[in-house]
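Visitor: What follows is a single structure, and I will ask about it in a moment.
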Amino acid sequence: MPLIRWVVVGGIILFAAPACGLLSSRKPEPVEIPVSTEISVAVENHNWSDIRIYLLTGSHPHRLGMVSAHSNATFAFPSHRLNTGSGVRLRALPVAGRAFTSETIQVQPGQAIFWTLENNLEASSLSVY
């Protein structure tokens with residue numbers, strides 16, 4: 001009797017093993033890793049003060065750079081910093097004066113942000129293209 005059990009069990013293992021091998025022999029499709037694109041932030045400063053510009057994702061500030069008084073500057077940040085679920089905000093921190101934080105904006109990879117800072121920072125305008 002024990003010999004018959006081994007033959008039957010062995011037959012099942014030999015029969016099932018090739019079937020499992022066929023199912024697992026498929027090669028997965030190659031996954032393309034997206035290239036991180038940069039988001040451009042163009043700032044036009046009409047303010048009389050030099051201003052540091054920050055990107056806020058959640059509660060984490062990332063310094064983008066500084067724009068001098070009455071001048072323009074362009075900054076960039078990698079798209080992986082975008083918090084697509086809740087959006088991002090920009091913060092202007094003048095050398096002399098109070099900080100101003102923009103409203104929350106939704107930005108997608110490949111888009112650009114244009115921020116015009118006025119002497120009264122609360123009158124500033126923000127666009128996304």
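The values are calculated or read from the model by the stated rules, or taken from the named source; none is laboratory data. This is a predicted model, so every value here is computed, not measured. Positions of Cβ are backbone-derived with ideal geometry, glycine not excepted, and every protein chain shown enters the neighbour counts. What goes into the accessible areas is simple: the full protein's heavy atoms, side chains included, and nothing from ligands, DNA or RNA. Shrake-Rupley method; radii C 1.70, N 1.55, O 1.52, S 1.80 Å.
A quick yes/no check of all residues on (1) over 12 Å from the mean Cα position of the chain (by Cα); (2) among the polar types (S, T, N, Q); (3) in a helix (DSSP H, G or I); (4) over 18 Å from Ala42 (Cβ atoms):
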position: Leu55; (1), (2), (3), (4): no, no, no, no
position: Arg63; (1), (2), (3), (4): yes, no, no, no
position: Ala73; (1), (2), (3), (4): yes, no, no, no
position: Gly85; (1), (2), (3), (4): no, no, no, yes
position: Leu90; (1), (2), (3), (4): yes, no, no, no
position: Ala96; (1), (2), (3), (4): yes, no, no, yes
position: Gln108; (1), (2), (3), (4): no, yes, no, no
position: Phe114; (1), (2), (3), (4): yes, no, no, no
position: Leu126; (1), (2), (3), (4): yes, no, no, no
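Visitor: Same structure, new question: Exactly one of these conditions fails for Ser40: (1) open to solvent by 50 Å² or more (accessible area, probe 1.4 Å); (2) out of contact with any Asp or Glu (no Cβ under 6 Å at 6 or more places or on another chain). Give me its number.
Guide: Answer for Ser40: the failing condition is (1).
Visitor: Which condition number does Asn47 fail, the rest of (1) surrounded by 17 or more Cβ atoms within 10 Å (Cβ to Cβ); (2) part of a strand (DSSP E or B) being met?
Guide: (2)
Visitor: Can we say Gly58 is small (Gly, Ala, Ser), closer than 23 Å to Thr37 by Cα, open to solvent by 40 Å² or more (accessible area, probe 1.4 Å) and in contact (Cβ under 8 Å) with a residue 12 or more places away in the chain?
Guide: For Gly58, the condition - small (Gly, Ala, Ser), closer than 23 Å to Thr37 by Cα, open to solvent by 40 Å² or more (accessible area, probe 1.4 Å) and in contact (Cβ under 8 Å) with a residue 12 or more places away in the chain - is met.
Visitor: Related question: Could you check Pro34 against (1) surrounded by 15 or more Cβ atoms within 10 Å (Cβ to Cβ); (2) modelled with pLDDT under 95 and say which number it fails?
Guide: For Pro34, the failing item is (1).
Visitor: Restricting attention to segment 48-61, does a residue exist that is at pLDDT 95 or above, in contact with a Phe, Trp or Tyr (Cβ under 8 Å, 6 or more places away or on another chain) and of a type in the set (S, T, N, Q)?
Guide: No, segment 48-61 contains no residue that is at pLDDT 95 or above, in contact with a Phe, Trp or Tyr (Cβ under 8 Å, 6 or more places away or on another chain) and of a type in the set (S, T, N, Q).
Visitor: Of all residues in segment 67-80, count the ones that are open to solvent by less than 80 Å² (accessible area, probe 1.4 Å) and free of Cβ contacts under 8 Å to residues at least 40 places away in the same chain.
Guide: 7
Visitor: Got a number for residues in segment 104-115 being open to solvent by 30 Å² or more (accessible area, probe 1.4 Å) and either in contact with a Gly (Cβ under 9 Å, 6 or more places away or on another chain) or modelled with pLDDT of 95 or more (or both)?
Guide: The qualifying residues number 3.
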